[in-house]
Amino acid sequence: MSDAALVLRQVRFEQRTFWRNPASAFFAFAFPVMFLLIFGSLNRGARIESMGNIPYNAYYVPALITFGVIGACMTNISMSVTIRRDSGVLKRLRGTPLPPWVFMAGLIGSSAVVSAILSGLLTAAGMLIYGIAAPRHPAMLLLVLVVGGMSFCALGLALSSLIPNAEAAPAVTNAVVLPLLFISGTFYPLDPSSVLSRIADWFPMRHFALALLAAFDPQGNQPGLPAAHLWVLLVWGLVGVTIAVRRFQWEPWRS
Amino acid sequence: MPAIAVEGLRKSYGGVEAVRGLSFEVAEGEVFGLLGPNGAGKTTVVEILEGYRRRDAGRVSVLGVDPAAGGRGLRARVGIMLQECAMPRALSVRELLELYAGYYPRPRPAGEVLELVGLTEKVGARIRTLSGGQQRRLDLALALIGDPELIFLDEPTTGFDPSARRDAWEIVRSIRTLGRTVLLTTHYMDEAQSLADRICVIAGGEVVAEGTPETLGGRQTAAARIRFVLPGGLDLAALPMPARADNGRVVVETATPTRTLHELTAWAVARELELPGLEVLRPSLEDVYLELTRTPA
Ligand SMILES: Nc1ncnc2c1ncn2[C@@H]1O[C@H](COP(=O)(O)OP(=O)(O)OP(=O)(O)O)[C@@H](O)[C@H]1O
Ligand SMILES: [Mg+2]
């Protein structure tokens with residue numbers, strides 16, 4: 001079997017594992033959709049003054065895509081890899097001729113599938129239910145999703161390599177990801193000049209959200225690529241790759 | 001060329017030496033049993049051979065390759081069943097076997113391997129619904145799916161019921177018939193006795209004995225015991241050779257059982273005596289093993 005076919009099989013295997021696990025399917029997939037239905041309808045008709053008076057949901061849809069993609073990439077990979085490493089599943093896999101890069105590609109490919117479905121679904125629901133405008137720059141949106149998705153997959157692998165065991169996986173992952181999502185305005189728009197936003201500026205979540213908003217461009221005033229945001233995502237992605245390459249382990253930690 | 005060659009192997013964890021200068025060879029097509037008490041270093045040795053752990057010193061070759069540098073090519077020729085069983089539990093038996101089959105260049109058909117390990121009826125079942133022993137069998141199936149030349153089995157039958165253990169023995173024998181090499185660790189002496197062509201007993205990270213199940217630890221030449229029930233009205237002193245009473249029976253220890261038995265039966269026949277329960281006993285593999293691995297008090 002060619003390596004490309006092997007990657008496709010790995011993606012299919014990861015997909016099966018993802019959808020059959022209620023925790024991952026629910027938190028990574030159903031949560032963002034539920035949020036859109038609940039908070040989207042609560043804030044229907046509202047506008048955000050600090051952002052040029054755009055409709056609340058024109059902001060909220062890209063924000064929830066941020067939440068969804070980070071859940072499907074970083075959170076999901078961090079938890080599932082840690083749990084599999086700790087239970088010995090990864091060790092067993094390491095005894096087969098499967099090349100490590102194919103395993104990683106399977107993880108990333110599967111996260112990409114979930115991210116794509118979520119992004120499409122949230123966008124369509126936003127347009128159909130709340131009447132937001134279609135993304136103004138689709139190619140830019142795709143680029144932002146690819147760069148952001150890859151970076152958060154790398155960060156998920158990196159984070160798992162810092163978590164000691166399966167018991168700690170959900171707690172540590174959520175303790176890292178959720179507060180950063182919160183201060184990045186993913187659940188609620190935050191004033192860009194606030195202290196929290198200043199802190200969030202150092203982390204990739206906020207830049208991903210802003211780059212997605214730039215691609216949706218509800219006001220039609222986005223001059224070109226949101227290059228600064230993309231650079232921050234790339235740098236964080238490289239940090240993730242570096243940590244993951246140095247620290248990734250196939251066997252349970254002994255201590 | 002031997003399938004496995006180990007020479008002067010050493011491995012420490014922190015300051016503790018788990019393997020201290022171990023040497024042995026496994027010939028191609030042989031079933032080799034690695035025996036030893038808990039903590040003897042069996043898993044450490046096996047996992048060094050499998051490429052999971054790094055050695056501190058010594059030379060190791062597996063199918064002619066250094067497992068520390070083996071990579072994909074070597075892994076395709078080796079089947080591994082670890083001491084701890086771990087599989088993605090959300091998949092069905094068939095899905096997992098087919099996934100693993102795809103990893104190898106020339107896999108065996110999944111149905112054939114399932115039949116071999118006796119899991120055919122469970123082919124559609126989710127792994128999380130399998131019993132412990134069934135999961136272990138699936139683990140064995142995964143080790144065989146790539147049609148490997150060399151198979152490592154670290155305590156393969158732990159947790160099997162007696163009939164499943166016999167089935168597993170049949171599987172190992174059938175692998176052997178195909179000319180494959182098997183390295184197996186076990187704590188069951190009957191298993192080693194009936195499967196292994198050669199046995200190596202290690203304790204404290206060192207080889208304490210090596211040989212076939214029949215000759216291990218001088219078993220073949222060790223003193224035999226002749227045992228019987230003393231016919232009524234007779235006294236130990238009446239016997240033609242020194243003997244002792246043991247649990248209502250008479251035991252005669254001898255280095256020359258053929259001769260002693262002849263003398264004994266000649267003596268009995270001459271007196272028209274029957275010796276009830278007459279038997280000649282060799283030390284069992286378990287006796288030898290316990291003797292070899294006894295820690296000095
Ligand atoms: N990763 C490790 N870190 C530290 N010590 C270890 C590690 N692995 C094994 N040891 C120690 O090395 C020694 C040999 O262990 P090993 O697992 O090889 O024994 P074993 O013969 O397989 O035992 P068992 O029959 O119980 O499976 C033991 O004292 C064990 O505590
Ligand atoms: Mg062991």
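The values are calculated or read from the model by the stated rules, or taken from the named source; none is laboratory data. Here the structure is a predicted model, which is why all the values come from computation and not from measurement. Every residue, glycine among them, receives a Cβ derived from its backbone with ideal geometry; neighbour counts consider all protein chains shown.
Checked against the criterion of being within 16 Å of ligand 2 (Cβ to nearest atom), surrounded by fewer than 21 Cβ atoms within 10 Å (Cβ to Cβ), of a type outside the set (Ser, Thr, Tyr) and not in a helix (DSSP H, G or I), the stretch B:167-185 contains not a single residue that satisfies it. Does residue B:46 meet the test of being more than 9 Å from every other protein chain (Cβ to nearest Cβ), surrounded by 19 or more Cβ atoms within 10 Å (Cβ to Cβ) and modelled with pLDDT of 95 or more? For residue B:46, the condition - more than 9 Å from every other protein chain (Cβ to nearest Cβ), surrounded by 19 or more Cβ atoms within 10 Å (Cβ to Cβ) and modelled with pLDDT of 95 or more - is met.
Is it the case that the stretch B:79-87 has a residue that's farther than 20 Å from residue B:178 by Cα and β-branched (Val, Ile, Thr)? Within the stretch B:79-87 (the criterion being farther than 20 Å from residue B:178 by Cα and β-branched (Val, Ile, Thr)), the answer is no, since none of the residues qualifies.
Taking the numbered list (1) closer than 22 Å to residue A:86 by Cα; (2) more than 14 Å from ligand 2 (Cβ to nearest atom) in turn, residue B:65 passes all entries but (1).
Against the conditions (1) exposed (fewer than 14 other Cβ atoms within 10 Å of the Cβ); (2) more than 14 Å from every other protein chain (Cβ to nearest Cβ); (3) within 16 Å of ligand 2 (Cβ to nearest atom), residue B:1 satisfies every one except (3). From the list B:21, B:36, pick out the single residue that is touching a Leu at 6+ places or on another chain (Cβ under 8 Å) and not charged (D, E, K, R). Just a single option satisfies the conditions, and that option is B:21.
Going by what's in this entry, would residue B:224 be described as buried (at least 16 other Cβ atoms within 10 Å of the Cβ) and within 16 Å of ligand 2 (Cβ to nearest atom)? Judged against the criteria, residue B:224 is not a match. Scanning the stretch A:221-255 for residues that are closer than 30 Å to residue A:51 by Cα, touching a Leu at 6+ places or on another chain (Cβ under 8 Å) and part of a loop (DSSP other than H, G, I, E, B) turns up A:225, A:226.
Restricting attention to the stretch B:109-119 and to residues that are buried (at least 19 other Cβ atoms within 10 Å of the Cβ) and outside any loop (DSSP other than H, G, I, E, B), the residue that is nearest to ligand 1 (Cβ to nearest atom) turns out to be B:117. Taken as a whole, the condition of being aliphatic (A, V, I, L, M), in contact with a strand residue (DSSP E or B) (Cβ under 9 Å, 6 or more places away or on another chain) and within 15 Å of residue B:275 (Cβ to Cβ) does not apply to residue B:201.
Annotation: residue B:105 fulfils all but one of (1) over 24 Å from residue A:251 (Cβ atoms); (2) at the interface with chain A (Cβ under 9 Å from one of its Cβ atoms); (3) in contact (Cβ under 8 Å) with a residue 24 or more places away in the chain; (4) crowded, with 19+ Cβ neighbours inside 10 Å; the unmet one is (4).
Within the stretch B:30-44, identify whether any single residue is touching a residue at least 40 places away in the same chain (Cβ under 8 Å), away from ligand 2 (no atom under 16 Å from the Cβ) and farther than 20 Å from residue B:199 by Cα, and answer yes or no. Checked the stretch B:30-44: no residue is touching a residue at least 40 places away in the same chain (Cβ under 8 Å), away from ligand 2 (no atom under 16 Å from the Cβ) and farther than 20 Å from residue B:199 by Cα. Looking only at residues of the stretch B:145-155 that are within 15 Å of residue B:169 (Cβ to Cβ) and crowded, with 23+ Cβ neighbours inside 10 Å, we find that the one that is farthest from ligand 2 (Cβ to nearest atom) is B:151. Comparison of B:73, B:36, B:14, B:51 shows that the only residue that is closer than 16 Å to residue B:154 by Cβ and within 13 Å of another protein chain (Cβ to nearest Cβ) is B:51. Of all positions in the stretch B:83-96, at least one carries a residue that is in contact (Cβ under 8 Å) with a residue 60 or more places away in the chain and either away from ligand 1 (no atom under 16 Å from the Cβ) or not assigned by TED's automatic domain parsing to the domain that holds residue B:50 (or both). Scanning the stretch A:98-112 turns up no residue that is more than 20 Å from residue B:90 (Cβ to Cβ) and buried (at least 22 other Cβ atoms within 10 Å of the Cβ).
Residues in the stretch B:143-166: is at least one assigned to a helix (DSSP H, G or I), farther than 16 Å from residue B:78 by Cβ, among the basic types (Lys, Arg) and in contact with a strand residue (DSSP E or B) (Cβ under 9 Å, 6 or more places away or on another chain)? No, the stretch B:143-166 has no match at all.
Matching residues to (1) within 14 Å of chain B (Cβ to nearest Cβ); (2) out of contact with any helix residue (DSSP H, G or I) (no Cβ under 8 Å at 6 or more places or on another chain); (3) touching a residue at least 12 places away in the same chain (Cβ under 8 Å); (4) of a type in the set (A, V, I, L, M):
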position: A:13; (1), (2), (3), (4): yes, no, yes, no
position: A:19; (1), (2), (3), (4): yes, no, no, no
position: A:37; (1), (2), (3), (4): no, no, yes, yes
position: A:40; (1), (2), (3), (4): no, no, yes, no
position: A:44; (1), (2), (3), (4): no, no, yes, no
position: A:51; (1), (2), (3), (4): no, no, yes, yes
position: A:57; (1), (2), (3), (4): no, no, yes, no
position: A:65; (1), (2), (3), (4): no, no, yes, yes
position: A:69; (1), (2), (3), (4): no, no, yes, yes
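Given the criterion hydroxyl-bearing (Ser, Thr, Tyr), within 23 Å of residue A:177 (Cβ to Cβ) and away from chain B (no Cβ under 14 Å), identify the matching residue among A:111, A:80. Please lay out each step first, then the result.
On the way: A:80 fails: away from chain B (no Cβ under 14 Å).
A:111 is the lone residue from the list that is hydroxyl-bearing (Ser, Thr, Tyr), within 23 Å of residue A:177 (Cβ to Cβ) and away from chain B (no Cβ under 14 Å).
Going by what's in this entry, would residue B:208 be described as not assigned by TED's automatic domain parsing to the domain that holds residue B:12 and not small (Gly, Ala, Ser)? Reasoning before the result, please.
Numbers: not assigned by TED's automatic domain parsing to the domain that holds residue B:12: no; not small (Gly, Ala, Ser): yes.
So residue B:208 does not fit the description; no.
Answer yes if at least one residue in the stretch B:124-132 is in a loop (DSSP other than H, G, I, E, B), loosely packed, with under 15 Cβ neighbours inside 10 Å and within 13 Å of chain A (Cβ to nearest Cβ), and no otherwise. Don't jump to the end; show me each part of the working.
Residues of the stretch B:124-132 in a loop (DSSP other than H, G, I, E, B): B:124-125, B:130-131.
With loosely packed, with under 15 Cβ neighbours inside 10 Å added as a condition, the list becomes B:124, B:131.
Going one step further and asking which of them are within 13 Å of chain A (Cβ to nearest Cβ), we end up with none.
No.
Within the stretch B:17-33, can you find the residues that are within 14 Å of ligand 1 (Cβ to nearest atom) and away from chain A (no Cβ under 14 Å)? Before you say what the answer is, go through the steps one by one.
The initial filter retains those residues of the stretch B:17-33 that are within 14 Å of ligand 1 (Cβ to nearest atom), namely B:17-20, B:22, B:33.
If the condition is that a residue be within 14 Å of ligand 1 (Cβ to nearest atom) and away from chain A (no Cβ under 14 Å), then B:17, B:19, B:20, B:22, B:33 are the ones that fit.
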